[in-house]
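A.B. asks: Input: one structure, supplied below.
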Amino acid sequence: MSHVAVIAMGGTIAMAPSASGGIVPALGADDLVASVPGLAELAVTITTESLRSLPSPSLGFADLVALSVRVQEEIAAGAIGVVITHGTDTIEETAFFLDLTVPSAEPVVVTGAMRHAQSAGPDGPANLYAAIRVALSPAARGLGTLVVMSDEVHGARFVRKSHTSSTGAFVSPGFGPLGLVVEGDPRVRGVARPGLTLPADPRVAEVRVGLITVAMGDDGQLLQRAGDLFDGLVIAGLGAGHVPAAMVPVVAELAGRVPVVLSTRTGAGSVLRQTYGYPGSERDLLDRGLIQSGFLDPAKSRVLLTLLLAVGADRETITEAFDRYR
Ligand code: ASP
């Protein structure tokens with residue numbers, strides 16, 4: 001019989017109230033699978049592993065390397081799909097990291113919950129059930145890593161958490177979900193991942209890529225003071241990829257030393273390339289050596305740049321990699 005591997009990383013889906021107040025990670029992969037009704041009717045063996053038990057803000061790139069390795073080992077051992085349970089705060093980063101480092105056709109599906117296991121109406125069991133159904137679905141093969149929440153199937157390169165508490169927090173701005181789980185049946189009509197595969201190199205844990213969000217009136221002083229710390233930088237720019245004119249000298253100087261990727265803080269759409277011509281515009285910044293992020297949002301741009309820098313990619317390779325997401 002085929003098998004689906006469920007790997008637990010922590011997050012609200014695995015949390016319960018603690019004696020000292022607040023909810024904390026408490027459940028392992030076995031507990032999570034045991035809480036899902038209807039799995040016995042699926043003709044599949046489900047294996048479980050608790051790899052981490054952390055709130056997702058405290059996961060780091062070293063954890064993602066370990067996860068990517070385990071996912072690839074499960075697939076090599078015959079898993080027809082792998083499901084990861086994960087905190088929702090950084091699910092976007094983990095999903096995109098796996099999308100970039102696991103090239104196999106077998107579905108890799110990340111899910112979580114907005115309500116903890118002992119709340120009134122936890123969404124974790126329903127999300128895990130839907131994720132397992134997607135992992136089993138031939139329609140999900142070859143699409144790269146997927147995020148399944150609230151019966152929606154999102155592509156890793158598009159998905160974002162857009163709400164602090166709603167069970168409908170996950171969206172793919174501008175594109176929409178790749179599919180839906182209807183009556184337990186996945187209907188997926190996605191497009192394949194762009195085909196870029198990078199090694200899950202342990203050196204990612206040593207690469208320091210900063211992410212700064214630009215705001216009105218920023219004169220670049222904070223960035224200037226922190227500039228020496230970065231091996232690379234992602235700028236979440238204003239609008240279509242803009243910074244105040246006062247920041248331009250600082251940004252340009254940094255771009256002369258390390259790769260600086262230009263993304264947008266807007267939450268949707270692509271960075272532009274050839275529209276605005278004022279100091280601090282996208283044309284100005286790209287002329288000064290910044291690299292455009294395409295449709296990749298700032299957090300995903302940071303994941304890609306980190307993976308590229310970990311393997312010593314040069315500027316041309318980095319630019320080509322980001323061009324795939326235009
Ligand atoms: N803070 C939690 C986490 O990311 C939120 C969640 O899982 O929904 O671990």
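Each value in this text was obtained by applying a stated rule to the coordinates, not by laboratory testing. None of the values given here were measured: they were computed from a predicted structure. Note that each Cβ is placed from the backbone with ideal geometry, even for glycine, and that neighbours are counted across all protein chains shown.
A.B. asks: For residue 41, put the label point 7 Å out on the Cα→Cβ axis and report which residues of segment 104-130 keep their amide N under 14 Å from it.
C.D. replies: Residues 129-130 fall inside that zone.
A.B. asks: Sticking with this structure for a sec: From the Cα gyration tensor of segment 30-163, with a ≥ b ≥ c the square roots of its eigenvalues, which class applies: rounded if a/c is under 1.5, or else prolate if a/b is larger than b/c, or else oblate?
C.D. replies: rounded
A.B. asks: When the label point is put 7 Å from the Cα of residue 77 along its Cα-to-beta-carbon vector, which residues of segment 35-50 have a backbone N closer than 14 Å?
C.D. replies: Zone members listed by number: 45-50.
A.B. asks: While we're on this one: About its Cα centre, how strong a charge dipole does the chain have in debye, to the nearest 20, once Lys and Arg get +1 and Asp and Glu get -1 at the Cβ?
C.D. replies: 480 debye
A.B. asks: What FRET efficiency comes out for residue 180 versus residue 62 if R0 is 41 angstrom and r is the Cβ-Cβ distance? Round to the nearest 0.05.
C.D. replies: Taking R0 as 41 Å, the efficiency between residue 180 and residue 62 is 0.75.
A.B. asks: Give the angle, between 0 and 90 degrees and rounded to the nearest 10, that separates the Cα long axis of helix 298-310 from the longest principal axis of the Cα atoms of the chain.
C.D. replies: Helix 298-310 sits roughly 80 degrees off the main axis of the chain.
A.B. asks: Right, another one. What's the angle, to the nearest 10 degrees (0 to 90), between helix 61-76's Cα axis and the longest principal axis of the chain?
C.D. replies: That helix lies at roughly 50 degrees to the long axis.
A.B. asks: Hey, what angle do you get for helix 248-257 against the long axis of the chain, alpha-carbon based, 0 to 90 degrees rounded to 10?
C.D. replies: It works out to around 70 degrees.
A.B. asks: Around residue 109, which amide H atoms from residues at least 5 apart in sequence, or from another chain, sit under 5 Å from its own amide H, with H modelled in the peptide plane?
C.D. replies: Distant-sequence amide H within range of residue 109: 82, 83, 84, 146.
A.B. asks: Taking the alpha-carbon set of the chain, what are its Rg and Dmax in Å?
C.D. replies: That works out to 20.1, 63 Å for Rg and Dmax.
A.B. asks: To continue, here is another question. Tell me which of 279, 112, 19 sits at the most positive position along the dipole axis of the chain, charges placed on C-beta atoms (Lys, Arg +1; Asp, Glu -1).
C.D. replies: Comparing the listed Cα positions along the dipole, 279 ranks first.
A.B. asks: Here's another thing I want to ask about it. Share of antiparallel DSSP beta bridges in the chain, in percent to the nearest 5?
C.D. replies: 35 percent
A.B. asks: For segment 164-243, give the magnitude of the charge dipole about the Cα centre (Cβ charges: +1 Lys/Arg, -1 Asp/Glu; no others), in debye to the nearest 20.
C.D. replies: 240 debye
A.B. asks: Based on the Cβ-Cβ distance from residue 18 to residue 216, what FRET efficiency comes out when R0 is 45 Å, to the nearest 0.05?
C.D. replies: Values: r = 41 Å, r/R0 = 0.90.
About 0.65, to the nearest 0.05.
A.B. asks: So, one more: Any idea how far apart residue 253 and residue 228 come out in nm if each label point goes 7 Å out from Cα toward Cβ?
C.D. replies: Distance between the two pseudo-spin positions: 1.2 nm.
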